[in-house]
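Novice: Input: one structure, supplied below.
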């Protein structure tokens, strides 16, 4: 199925590896022009080379509000504008309520909330003016089902979900969709760090952790012409791990 993405300009944050890389690879395979970012020049250049298709590598750290703004500005300059934003970033440190000091929260909120807001501020108005745009944020299953020992991530991801839902309702009339994907466990470096013993499949009905390439395909679909009536949605990609009804 042709997703209608040929020639669209996509900025994919934190895409040197993991789910960001998978999203960029899937969009490029559908014909989008892709600009990706990472903090390390060698790693992001390697990722762009593997994606191919003229992918543009940018060195930006989107863990801060200023970094999020800088990335989308650089991507817009490199691409001549942005039609698609995939907002992504690393997760905050582990910790519980008891072990996490109060002064750890502002940094976590900047990493996973205000940096995303900054990326949207830098891209969505132009999408509205052009009458077409796609924003997809990569968040976490923790929005629906908090994960033990990840209180900072649980808190920040819930906040960005509220922001995205509000934004989606405000810009839907302008042809811009805003959605998020809520991944469960996938074969990424982050999951390997959190679960070094490799015992991660308990409680996943699918019996295995996710393939990042499949996740990337889900991102590409939400960016497609066919998904133009899907907005304000927060889609679980978790192999059935979430047990709730809503």
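Novice: Considering only segment 72-85, state which residues are under 17 Å from residue 44 (Cα atoms) and in contact with a helix residue (DSSP H, G or I) (Cβ under 7 Å, 6 or more places away or on another chain).
Specialist: If the condition is that a residue be under 17 Å from residue 44 (Cα atoms) and in contact with a helix residue (DSSP H, G or I) (Cβ under 7 Å, 6 or more places away or on another chain), then 72 is the only one that fits.
Novice: Might you let me know whether segment 37-47 holds any residue that is closer than 29 Å to residue 228 by Cβ, assigned to a strand (DSSP E or B) and at pLDDT 95 or above?
Specialist: yes
Novice: While we're looking at this one, here's another question. When segment 62-81 is examined, which residues are found to be crowded, with 17+ Cβ neighbours inside 10 Å and within 18 Å of residue 156 (Cα to Cα)?
Specialist: Across segment 62-81, the qualifying residues are 62, 63, 64, 65, 67, 68.
Novice: Which ones in segment 162-203 are closer than 16 Å to residue 125 by Cα and touching a residue at least 24 places away in the same chain (Cβ under 8 Å)?
Specialist: Passing the criteria: 163, 164, 167, 168, 169, 171, 172, 174, 175, 176, 177, 178.
Novice: Next question, about the same structure. Let me confirm something: among 155, 139, which residue is under 21 Å from residue 114 (Cβ atoms), at pLDDT 95 or above and surrounded by fewer than 21 Cβ atoms within 10 Å (Cβ to Cβ)?
Specialist: 155
Novice: To continue, here is another question. May I ask you to say which residue of 23, 10 is buried (at least 23 other Cβ atoms within 10 Å of the Cβ), in contact with a helix residue (DSSP H, G or I) (Cβ under 6 Å, 6 or more places away or on another chain) and outside any helix (DSSP H, G or I)?
Specialist: 10
Novice: Take segment 48-77 and flag every residue that is touching a residue at least 12 places away in the same chain (Cβ under 8 Å), closer than 14 Å to residue 13 by Cα and assigned to a helix (DSSP H, G or I).
Specialist: 48, 65, 66, 67, 68, 69, 71, 72, 73, 74, 75, 76
Novice: Also, I was wondering about something else. Within segment 96-109, track down each residue that is surrounded by fewer than 21 Cβ atoms within 10 Å (Cβ to Cβ) and touching a residue at least 12 places away in the same chain (Cβ under 8 Å).
Specialist: Matches in segment 96-109: 96, 97, 100, 104, 105, 107, 109.
Novice: Then there's this: crowded, with 18+ Cβ neighbours inside 10 Å, over 16 Å from the mean Cα position of the chain (by Cα), modelled with pLDDT of 95 or more and within 23 Å of residue 216 (Cα to Cα), is that true of residue 113?
Specialist: Here the answer is no, as residue 113 does not meet what is asked.
Novice: Only residues that are out of contact with any strand residue (DSSP E or B) (no Cβ under 8 Å at 6 or more places or on another chain) and crowded, with 24+ Cβ neighbours inside 10 Å: list them for segment 26-38, please.
Specialist: 26
Novice: Determine the pairs where a residue that is closer than 25 Å to residue 187 by Cβ, located within segment 227-246, has a partner that is at pLDDT below 95 and assigned to a strand (DSSP E or B) with Cβ atoms under 7 Å apart, the partner being 6 or more residues away or on another chain.
Specialist: Within 7 Å, the pairs are 237/210; 239/210.
Novice: With (1) surrounded by 18 or more Cβ atoms within 10 Å (Cβ to Cβ); (2) within 19 Å of residue 137 (Cα to Cα) as the list, and residue 190 as the residue in question, which single condition is left unmet?
Specialist: Status for residue 190: all satisfied but (1).
Novice: Taking residue 47, is it over 15 Å from residue 212 (Cβ atoms) and buried (at least 17 other Cβ atoms within 10 Å of the Cβ)?
Specialist: no
Novice: Could you check how many residues of segment 116-130 are assigned to a helix (DSSP H, G or I) and either on the phi > 0 side of the Ramachandran plot or buried (at least 21 other Cβ atoms within 10 Å of the Cβ) (or both)?
Specialist: Residues meeting the conditions: 6.
The values are calculated or read from the model by the stated rules, or taken from the named source; none is laboratory data. Everything numeric here is computed off the predicted structure, so don't read it as measured data. Here the Cβ is made from the backbone with ideal geometry for all residues, glycine too, and neighbour counts use every protein chain on show.
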